[in-house]
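Below is one structure, written out as structure tokens; the observations come after it.
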Amino acid sequence: MQMPPAIQAGFVWLLLLLVVVVWPSDVSAGSEEHLRELVATETSLIDTLREYIEALEQQLMLIRRETSAIEEIHQLVGEQVEEHMGNPLNVLTILKRFQSVWPAIEQQANATLTLSDNLPDFEMELQLPSEEDYETALLNLLRLQSIYDLEPATLSLGIVNGLKLGSAMSWSDCLEMARKSDRNGDYAVAKYWLETALKKLPATGNATTHSVFSEEELGKVQILEASLNTHYRAGEFSSALTTVKELLLLRPTHQNWQKAKAKIERAINGTEKKLLPKRKSKAKQSKSVEQLLIDELCRATTQQVTTGSRVLECRQNNSYLRMLRLEQLSEDPHIMLYHDVISIRQADKLISLLDDREHEQQSKGVATFAPMEVSKLGQKMLRGINYQLGGLGQMELWQARRHSHEHVTEPEVPSTTTGHEKHVARAILNLKESKLGGALVFPQLELGVNIPRGSLLHWRIRSLDEFPRLDYRSRQLVCPVLLGTQLSLWTNLN
């Protein structure tokens, strides 16, 4: 059967688009620039398709009008064909239609094939996500779910801690999360995502007359198949048997499911040892005690500003004629939070002096942050901070860091290589707060800090002995950012 011209034209255009589009291989899925390009790509495709559809609808409207007029004549004739053809006027009319009307309709139908000639030239580079980008996004969301203990039911609605994190997920999105969890060996998380996917299936009333099965039934089959594989690989044969029975209720004659049912029953009865899954999913790596503590600290900092012992102090700053508010978070090692070191206006100015072009030299795998350069003018503005705070030590050049949802959390240990032994302390100046997440935590001290915008955190990384040595308690990390972006400046003090 030949494809209708209108549909054929659409497929031709889409195939041309897929051929000429350049799929990026050197752009990370999480970079803001790449994400902006993806939004621009969708906007361009939507606008072009809208114009194409409007032109196609105009052509189809003409064809529909002509064919409807002929159809009305056929309805009037009904079964009285012989009587109708006995009228010479009717004979002349039908012959005329084959001479002029039908050729015109054919010409209009063929005209739809030329609509793609008026489409824009898509040989320009359009950024589209790759399969690796999609897999990375799934991993990022699962990692955030694990750290912040997010429930699939609320996360699928785009809600985290009462805040709207993003758009709601469909049942197919939840199914992909379940499959990814299963591949990672996290059976419990996969099970919850599968349950959430089932609850998100549309009602049966959405079935159309053109489809044999409703979307609900087709989706349920996919979810139950994934559940069957998950239960079986996890060795949960009773759950697998229940699932395959539910599948057979939907498709009683499905041979593969009948074989799977028999196989599972033999495995339950223990009649065949070899029936255990040959391909086991990747075993889930259990978290260390430190990582569990880090997760707990990160979760706690989303509920309150700081955690840990605090001593408030006010100090007069004569040069700037204002009081500085200090918050001592730890005495040993010394950790001090200086509030409102710079104003919001000064923070915005420093942000404008950051180099948006992130370093090309990125470590393999997922990065802990995105480094950015501070311009010479920005470094000059930052020189007065040390004097303003009463001389914390000799500050090195400041380095900017951007933290967002794609960055992992790994404890940062001060370097012990030659040239770094002079570093005795570190400082962070927060220029932009994330909407949720991004706290700085010290696992050994069980301390988590949300550094307010314009404030500076200072802490010692070496002991106060005659021969200073690295203090392992100074190991720190930045919690994953759940919503928004966090920009901060880091420096070492000698």
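The values are calculated or read from the model by the stated rules, or taken from the named source; none is laboratory data. Keep in mind that this is a model prediction, so the values were computed, not measured. A quick note on method: Cβ atoms are made from the backbone with ideal geometry, for glycine too, and the neighbour counts reach across all protein chains shown. The area values use the complete protein model at the heavy-atom level, side chains included, leaving out ligands, DNA and RNA. Shrake-Rupley method; radii C 1.70, N 1.55, O 1.52, S 1.80 Å.
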Problem set entry | Accessible-area ranking of Ile63, Ile223, largest first, probe 1.4 Å | Ile63, Ile223
Exercise. Taking a 1.4 Å probe, which of Lys376, Lys200 shows the most accessible area, and what order do the others take after it?
Worked result: Lys376, Lys200
Exercise. Rounded to the nearest 0.05, what FRET efficiency is calculated for Asp149 and Leu113 with R0 set to 51 Å and r the Cβ-Cβ distance?
Worked result: 0.35
Exercise. Tell me, what is the 1.4 Å probe accessible area of Ser130, in Å² to the nearest 10?
Worked result: 30
